[in-house]
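Have a look at the structure below before the remarks.
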Amino acid sequence: MQEILKVAMPKGRIYKQASKLFREAGLTIPEDMDDSRKLIIPVPEARMEFIMAKPVDVPTYVEYGVADIGVVGKDVLMEENRDVYEPLDLGIARRRMSVIGLPDWKPVLNPRVATKYPNVASQYFREQGEQVEVIKLNGSIELAPLIGLADRIVDMVETGGTIRENGLMEHEQIFQITSRLIANRVSYRMKNDAIQSLCDRLQPVIAKAVTASGNK
C-alpha cells in the first residue's frame, strides 16, 4: 500500500492553484478543502495529509521533516535557503521579482532599498556592484518610497496593478518566479516511490498547461 505523504501547503492563492493541479492529475482532493480553516486536513483517498501553513514556513516544515513534501514559491526558497530537494517546477503562481520605484527615481549615494526579501535583494545588488542599505519590511512595501523610507523597493509583481495605482513603476526585473514542489531529503529516500509517483502524475498536467499558455 502506498504510504501517506504529509504535504505542507501555503494558505491562499497558491494552495487553490496547487489543489486544482492535483485534481487535474487525478488525485482525489475534495473541493470543499479550498475554503477550510482547519490546519491539518487528512485526505485518505489521495494518501495524503495536508498541513496548512504560511508560505514562508513551508520550507522549514519540509527541511525538519514534519512534512515530507511541500509547495512553495521560488522566491521563498531563495530567501530562506533551506536544505531541501526541489524535484518539480509546478509552473503555477507565476510572478516576477522586480526593483520598483518612483518614475523620476535617480541614483543617489548610499541608497536604501525596502523589501520582504532582504537576502535576495542584498545578493542581487552585490552582483550588480551596487552598495545599498537593505531595510526589511513585512507588508505594504509600496509605502516605503512614497514616504521617503527607501529610495526603491524589491518586491513580487504579478499584473503590476498595485504599483501603478501607487504611482510606482518597475525599473528592473530580477527573475521570474513559479511555485515548486519540494521534498525533505530523508523522505525523498524513504518515500521515494510515493513522491516519484506524484511527480509522474503531475508532469503531464504541467506540460499541458505550459503548452496551452504558449498557444495563447
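Can you run down the residue pairs with Cβ atoms below 7 Å, 6 or more apart or on separate chains, where the first is in segment 164-179 and at negative phi and of a type outside the set (G, A, S) and the partner is loosely packed, with under 13 Cβ neighbours inside 10 Å and modelled with pLDDT of 95 or more?
Sorted first by the residue in segment 164-179, then by its partner, the pairs are M169/P103.
Take the residues in segment 25-38 that are outside any helix (DSSP H, G or I) and closer than 21 Å to A93 by Cβ; name whichever of them is most open to solvent (accessible area, probe 1.4 Å).
Per the stated criteria, the residue is S36.
Please go through segment 107-151 and pick out each residue that is more than 17 Å from F175 (Cα to Cα), outside any loop (DSSP other than H, G, I, E, B) and not β-branched (V, I, T).
Within segment 107-151, R112, A114, E133, K136, L143, A144, P145, L146 meet the criteria.
Inside segment 81-93, can you point out the residues that are of a type outside the set (G, A, S) and either within 18 Å of K16 (Cβ to Cβ) or open to solvent by less than 60 Å² (accessible area, probe 1.4 Å) (or both)? Walk me through how you get there before you give the answer.
So the first thing to find is which residues in segment 81-93 are of a type outside the set (G, A, S), and the list is 81-90, 92.
Listed by number, the residues that qualify are V84, P87, L88, L90, I92.
List the residue pairs whose Cβ atoms are under 9 Å apart, where the first residue sits in segment 9-24 and is part of a helix (DSSP H, G or I), the second is among the basic types (K, R), and the two are 6 or more positions apart or on different chains.
F22/R201; E24/K208
Answer yes or no as to whether D68 is at pLDDT 95 or above and open to solvent by 40 Å² or more (accessible area, probe 1.4 Å). Reasoning before the result, please.
On the way: at pLDDT 95 or above: yes; open to solvent by 40 Å² or more (accessible area, probe 1.4 Å): no.
Spelling it out, it is not the case that D68 is at pLDDT 95 or above and open to solvent by 40 Å² or more (accessible area, probe 1.4 Å).
Which condition number in (1) at pLDDT below 95; (2) of a type in the set (D, E); (3) more than 16 Å from Q17 (Cα to Cα) is the one that E158 fails?
In the conditions (1) at pLDDT below 95; (2) of a type in the set (D, E); (3) more than 16 Å from Q17 (Cα to Cα), E158 misses (3) alone.
Could you check segment 39-57 and list, in sequence order, the residues that are among the hydrophobic types (A, V, I, L, M, F, W, C) and either in contact with a Leu (Cβ under 9 Å, 6 or more places away or on another chain) or part of a strand (DSSP E or B) (or both)?
I40, I41, V43, A46, M48, F50, I51, M52, A53, listed by residue number.
Taking segment 140-190 on its own, how many of its residues are of a type in the set (G, A, S) and under 25 Å from I92 (Cβ atoms)?
To start, the set of residues in segment 140-190 that are of a type in the set (G, A, S) comprises 140, 144, 148, 150, 160-161, 167, 179, 183, 187.
In the following step, the residues that additionally are under 25 Å from I92 (Cβ atoms) were identified as 160-161, 179, 183, 187.
Adding up the residues that qualify gives 5.
When segment 141-198 is examined, which residues are found to be open to solvent by 40 Å² or more (accessible area, probe 1.4 Å), of a type in the set (A, V, I, L, M) and out of contact with any Gly (no Cβ under 9 Å at 6 or more places or on another chain)?
L143, I147, L149, M190
Just for helices (runs of 4 or more DSSP H) wholly inside segment 156-216: which have at least 1 residues that are under 30 Å from P103 (Cα atoms)?
Values: elements: 161-165, 185-190, 192-214.
So the answer is 161-165.
Of the residues that make up segment 9-20, is at least one among the polar types (S, T, N, Q) and open to solvent by less than 10 Å² (accessible area, probe 1.4 Å)?
Of all residues in segment 9-20, those among the polar types (S, T, N, Q) come to 17, 19.
Okay, now just the ones that are also open to solvent by less than 10 Å² (accessible area, probe 1.4 Å), so 19.
Yes; the residues of segment 9-20 include at least one that is among the polar types (S, T, N, Q) and open to solvent by less than 10 Å² (accessible area, probe 1.4 Å).
Could you grab me the full set of residues in segment 42-65 that are open to solvent by less than 10 Å² (accessible area, probe 1.4 Å) and not hydrophobic (A, V, I, L, M, F, W, C)?
Within segment 42-65, just P59 meets the criteria.
State whether the residues of segment 145-162 include one that is of a type in the set (K, R), out of contact with any Asp or Glu (no Cβ under 6 Å at 6 or more places or on another chain), free of Cβ contacts under 8 Å to residues at least 12 places away in the same chain and farther than 21 Å from P10 by Cα.
no
The values are calculated or read from the model by the stated rules, or taken from the named source; none is laboratory data. This structure is a prediction, so every number in the text was calculated from the model and none was measured. Backbone-built Cβ (ideal geometry, glycine too); neighbour counts: all protein chains shown. Protein only, heavy atoms only, side chains kept; ligands, DNA and RNA dropped before computing areas. Shrake-Rupley method; radii C 1.70, N 1.55, O 1.52, S 1.80 Å.
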